Amino acid sequence: MADGERIIPINIEEEMKTAYIDYSMSVIVSRAIPDVRDGLKPVHRRVLYGMLDLGLASNKTYKKSARIVGEVLGKYHPHGDGSVYDAMVRMAQDWSLRYPLVDGQGNFGSLDGDSPAAMRYTEARLSKIAEELLADINKDTVDFQNNFDDTLKEPTVLPSRVPNLLVNGSSGIAVGMATNILPHNLTEVCEGIIAYIDNKDITTEELMQYIKAPDFPTGGIIYGYEGVKEAFETGRGRIVLRGKAEIITDEKKDREIIAITEIPYQVNKEVLVAKIGELVNEKMIEGISDVKDLSNREGLRIEIYLKRDANAPVVLNQLYTATQLQSSFGVNNIALVDGRPMLIGLRDFIKHFVNFRHEVVVRRTKYELNEAEKRAHILEGLLIALDNLDAVIKLIREAADPENAKAGLISNFSLSEIQAKAILEMRLQRLTGLERDKIKNEYAEVMQLISKLKEILEQEPLRMQIIKDETTEVKDKYGDARRTEIVMTGNDINIEDLIPDDHFVITISHLGYIKRTQANLYRTQGRGGKGSKGGATREEDFIQYIFSATAHEYLMFFTEQGQCFWLRVYEVPEGAKTSKGRPIQNLVQISKDDKVKAFINVKRLDDEATLQNQFVVLCTKLGVIKKTTLEAYSRPRASGIRAINVREGDTLLEARLTDGNSNIMLATRYGNAIRFPEEKVRPMGRTAAGVRGVTLQGKDDELVGMICVPKDDLSKTVMVVSEKGFGKRSYLDEIDPETGKPVLDAETGEVIPVYRITNRGGKGVKTIQVTEKTGKLISVKDVTNEDDLMIITKSGITIRLPLKDVRVMGRATQGVTLIRLDENDEIAAVTKVTETNGGDEPVEGEVIENGEE
């Protein structure tokens, strides 16, 4: 041991604790956590200040990045050059910072994760907004500290006019803590600052009227608002961000394309495209035929080409689920407040920034006041000299040297040393009359400035107004429109509030393709018209079902095997009148060997009285009927539920919603119909098989339809349609055409039925005269004069005709021609449509009457 040295025993446990705490605080304060005032970490602050030292203003020429890095390393940041260059590069990337602080020239990397060029190849200078962070730094607005070797001074914080921490965000991992602050829109943040200054008691919720949500440099869509609220209020939260994508139609190739024009913040575009391709190759996502990255200097664009039978919304949702096209950000707003890390919410951000700006304004004002008073002191001496010009000149001329002249001025005219020195340094041209007036005017202006500065220091409202004015100036110069959209989800608002309750026509093809179309796109035509094209289908497919509904209604789908599924009308993909729609299997979880056979539209599923007093009546092709309360269907499940236990060889045919007080009519393929009161069918459980409704008349006979008409409803008539386009309307009971009232039996006083009421399970009576010319019965509907009839053929032709043009006939007649069919064509489906804004002029069709009518 050398002379003078000594060994001090210490407890190693205590030493390790102390050393680790010191290291932790060093990392937290000097490396990883930004300052709440200027939003910068030390390395970023030193880069900007070093560029200011080099005179790299936004209007100056660029300098090599290596020159800047060397300046920062040599003066302020004694670490690796990579740390300095990487920090500078990030501040130049417009996809990393919402408002870049460095104006870079050269290759500074890309969204694909490409590395920037070496520092010897790139150049940089300060951006215009970065100059706002450095404004007034030489006016004693912030504290300075010694650099690493105590040879220079560096600022501990920048006197930023820009709320940089909020608008550009920050992220970092320290020891035992991390921070992740998201970027925001400058215009919104400035408006929030002004609102806070106007009302210091403003709440976070009120601030959110100005600062809506984070605003990312790469745009995208914030999906859901609950995480934003939580982050603003507590400083912690989870925000879901989606890329922006639109579904466009390639008319030439009859397919759809998903075009992605914005991706989530900090997502590598190249990795995203590769992941999509990987999922397609592994068949994790079906329906994609190709993926192309078409990004260029004009912007980002990824095009995903879909197969013809693909459901674009479903594929897009799969992309959101399986790739980084949807990303979540954990907000953790930790920043240094008075040198200590703190978790802060939105209001605290603004409060600390305004307090800091207030301190800057006070210090700047004091500095300017001090400088003004110094100048006023000198001007006062010059004015004294001008008032005693001859004596001053004589004294200076007779003085042996400057020191004697200065001493004479001080003693003879009561001047200070500074004033005497200024008089001696004054140029002779200042003695002219014009220059003397300039000195007097300057003195008056300086005194006025001093008065104003003192007023600012005395009155806080004036200081706050200065902060508001400077904030408004920053907003006007650098503010821009929000890039990131905000989409509320079901957790935030009722989605129905955003969707108009419009009227739609729902069409479903034989192979299970569904779409919704605005009802007013269909023409209203006369009986016998040739119709218009209502759906593009494959050769082996045809449009089988069509019905009307409004956007907010529930669709209850009943399948052949007796399963029930739910879907809101607005969840059905919208398509053009001639499009084929999308597979139902992509919308609800129907098994591959099953298909939809019947539908019910329900307004609400949350009203107890409605659920108990309304019933779902089901029937099958083999004549079975069943009734169940609507309450049994009031809890929708994505996987569906059992609606009826269908026997082997049978399939579900129809489903109707009733109030429990209806007459039920079942019609068979041979043209028979049976009518019985609804109370003849008792309510059963969902899984029951039902009871016999009608007796069929042969091996190939089957049920073709069911209608349920309230007993007191006289407006309804029975509309039957045969395979070859014949149809007619008949009353359920005899109606007097003049009075519109039921005809009563003279003896019994009861209504004379057209279709007599019997017990369920019988054979029924004739409802249409089935002949080779008419074909078998295909449909039975309950209709009124206000309804239209929509008829779809197997070839995809659609005709819509007003039922007021189809007159009421006898029960057993053959009917009239409703639509002229081409050879080998047949009717596929028939539905009634409530009158909507129809559109085109009616087209008269041929009416063929039968002699037996």
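Quick grid of which residues meet (1) more than 30 Å from the chain's Cα centre (by Cα); (2) buried (at least 21 other Cβ atoms within 10 Å of the Cβ); (3) closer than 30 Å to Ala372 by Cα; (4) aliphatic (A, V, I, L, M):
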site	(1), (2), (3), (4)
His77	yes, yes, no, no
Asp81	yes, no, no, no
Arg98	no, yes, no, no
Gly109	no, no, no, no
Lys128	yes, no, yes, no
Asn146	yes, no, yes, no
Ser160	yes, yes, yes, no
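Within the stretch 790-813, not a single residue is under 23 Å from Glu678 (Cα atoms) and touching a Lys or Arg at 6+ places or on another chain (Cβ under 6 Å). Looking only at residues of the stretch 425-463 that are more than 59 Å from the chain's Cα centre (by Cα), aliphatic (A, V, I, L, M) and open to solvent by 60 Å² or more (accessible area, probe 1.4 Å), we find that the one that is farthest from Val354 (Cα to Cα) is Leu428.
If I ask for residues that are assigned to a loop (DSSP other than H, G, I, E, B) and among the β-branched types (Val, Ile, Thr), which ones from the stretch 582-593 would you list? Lay out the reasoning, then the answer.
Looking only at the stretch 582-593, we keep the residues that are assigned to a loop (DSSP other than H, G, I, E, B), and these are 587-593.
Residues satisfying the conditions are Val588, Ile590.
Going by what's in this entry, would Val694 be described as among the β-branched types (Val, Ile, Thr), part of a loop (DSSP other than H, G, I, E, B) and at pLDDT 90 or above? When the stated conditions are applied, Val694 passes them. Residue check: is Ile288 over 30 Å from Pro42 (Cα atoms), without any contact (Cβ under 8 Å) to a residue 40 or more places away in the chain and open to solvent by less than 60 Å² (accessible area, probe 1.4 Å)? Yes.
Checked against (1) in contact with a Ser or Thr (Cβ under 9 Å, 6 or more places away or on another chain); (2) of a type in the set (A, V, I, L, M, F, W, C); (3) open to solvent by less than 20 Å² (accessible area, probe 1.4 Å), Leu666 passes all but a single condition, namely (1).
Taking the condition of being in a helix (DSSP H, G or I), open to solvent by 40 Å² or more (accessible area, probe 1.4 Å) and either in contact with a Leu (Cβ under 8 Å, 6 or more places away or on another chain) or farther than 20 Å from Glu132 by Cα (or both), how many residues in the stretch 330-377 meet it? Here the count works out to 10. When you check Ile197 against the structure, is it among the aliphatic types (A, V, I, L, M), in contact (Cβ under 8 Å) with a residue 60 or more places away in the chain and open to solvent by less than 10 Å² (accessible area, probe 1.4 Å), yes or no? Considered against the rule, which asks whether it is among the aliphatic types (A, V, I, L, M), in contact (Cβ under 8 Å) with a residue 60 or more places away in the chain and open to solvent by less than 10 Å² (accessible area, probe 1.4 Å), Ile197 comes out as no.
From the list Gly671, Gly660, exactly one residue is small (Gly, Ala, Ser), touching a Phe, Trp or Tyr at 6+ places or on another chain (Cβ under 7 Å), more than 27 Å from Lys592 (Cα to Cα) and at pLDDT below 90. Which is it? Give the derivation first.
On the way: Gly671 fails: touching a Phe, Trp or Tyr at 6+ places or on another chain (Cβ under 7 Å).
It is Gly660.
Hey, could you check the stretch 217-256 for residues that are touching a strand residue (DSSP E or B) at 6+ places or on another chain (Cβ under 7 Å) and part of a loop (DSSP other than H, G, I, E, B) and say which is nearest to Ile350 (Cα to Cα)?
Among them, the one singled out is Gly235.
Selection over the stretch 131-165 of residues that are at positive phi and touching a Pro at 6+ places or on another chain (Cβ under 8 Å) gives a count of 1.
Out of Ser639, Ser634, I need the residue that is out of contact with any strand residue (DSSP E or B) (no Cβ under 8 Å at 6 or more places or on another chain), more than 23 Å from Lys794 (Cα to Cα) and open to solvent by less than 40 Å² (accessible area, probe 1.4 Å). Which one? Explain how you work it out, then say what you get.
Numbers: Ser639 fails: open to solvent by less than 40 Å² (accessible area, probe 1.4 Å).
None of the others qualify; the one that does is Ser634.
Across the stretch 28-60, which residue is most open to solvent (accessible area, probe 1.4 Å) among those that are touching a strand residue (DSSP E or B) at 6+ places or on another chain (Cβ under 9 Å) and modelled with pLDDT under 80? That would be Arg31.
Among the listed residues Gly287, Gly219, Gly243, Gly237, which satisfies the condition of being small (Gly, Ala, Ser) and more than 26 Å from Met488 (Cα to Cα)?
Working: Gly219 fails: more than 26 Å from Met488 (Cα to Cα); Gly243 fails: more than 26 Å from Met488 (Cα to Cα); Gly237 fails: more than 26 Å from Met488 (Cα to Cα).
One residue alone meets the criteria, Gly287.
The residues of the stretch 684-732 that are closer than 23 Å to Val770 by Cβ, of a type in the set (D, E, K, R) and either without any contact (Cβ under 8 Å) to a residue 60 or more places away in the chain or surrounded by fewer than 16 Cβ atoms within 10 Å (Cβ to Cβ) (or both), listed by number, are Arg692, Lys699, Asp700, Asp701. Considering the stretch 666-688 alone, what residues qualify as being outside any loop (DSSP other than H, G, I, E, B) and of a type outside the set (Lys, Arg)? Within the stretch 666-688, Leu666, Ala667, Thr668, Asn672, Ala673, Ile674, Phe676, Pro677, Glu678, Glu679, Pro683 meet the criteria. Of the residues making up the stretch 762-781, those that are open to solvent by 40 Å² or more (accessible area, probe 1.4 Å) and free of Cβ contacts under 8 Å to residues at least 60 places away in the same chain are Thr771, Glu772, Lys773.
Residue by residue through the stretch 642-657, note down the ones that are within 16 Å of Tyr554 (Cα to Cα) and either open to solvent by 10 Å² or more (accessible area, probe 1.4 Å) or hydroxyl-bearing (Ser, Thr, Tyr) (or both). Hits for the stretch 642-657 are Arg656, Leu657. For the stretch 200-211, the condition holds for no residue, the condition being that it is out of contact with any helix residue (DSSP H, G or I) (no Cβ under 8 Å at 6 or more places or on another chain), of a type outside the set (Gly, Ala, Ser) and open to solvent by less than 10 Å² (accessible area, probe 1.4 Å). Does Asp501 count as among the charged types (D, E, K, R), modelled with pLDDT under 95, in contact with a strand residue (DSSP E or B) (Cβ under 8 Å, 6 or more places away or on another chain) and exposed (fewer than 15 other Cβ atoms within 10 Å of the Cβ)? Criteria met by Asp501. One residue stands out among those in the stretch 305-323 that are farther than 19 Å from Leu241 by Cβ and among the hydrophobic types (A, V, I, L, M, F, W, C): the one that is most open to solvent (accessible area, probe 1.4 Å), which is Val314.
Filtered by the rule that a residue be buried (at least 16 other Cβ atoms within 10 Å of the Cβ) and either assigned to a loop (DSSP other than H, G, I, E, B) or not β-branched (Val, Ile, Thr) (or both), the stretch 401-423 gives Ala405, Lys406, Gly408, Leu409, Phe413, Leu415, Gln419, Ala420, Lys421, Ala422.
When you check Glu442 against the structure, is it over 25 Å from Lys366 (Cβ atoms) and among the acidic types (Asp, Glu), yes or no?
No: the conditions fail for Glu442.
Specify the residue that is nearest to Lys592 (Cα to Cα); the eligible residues are those in the stretch 555-581 that are of a type outside the set (Phe, Trp, Tyr), touching a helix residue (DSSP H, G or I) at 6+ places or on another chain (Cβ under 8 Å) and assigned to a strand (DSSP E or B). This residue is Cys564.
Before we move on, is Val392 assigned to a helix (DSSP H, G or I), at pLDDT 90 or above and not small (Gly, Ala, Ser)?
So Val392 does not fit the description; no.
The values are calculated or read from the model by the stated rules, or taken from the named source; none is laboratory data. In this text the structure is predicted, and so the values were computed from the model without any measurement. All Cβ positions, even for glycine, are placed from backbone atoms using ideal geometry, and neighbour counts span all protein chains on display. For accessibility, only protein heavy atoms count, side chains too; no ligands or nucleic acids. Shrake-Rupley method; radii C 1.70, N 1.55, O 1.52, S 1.80 Å.
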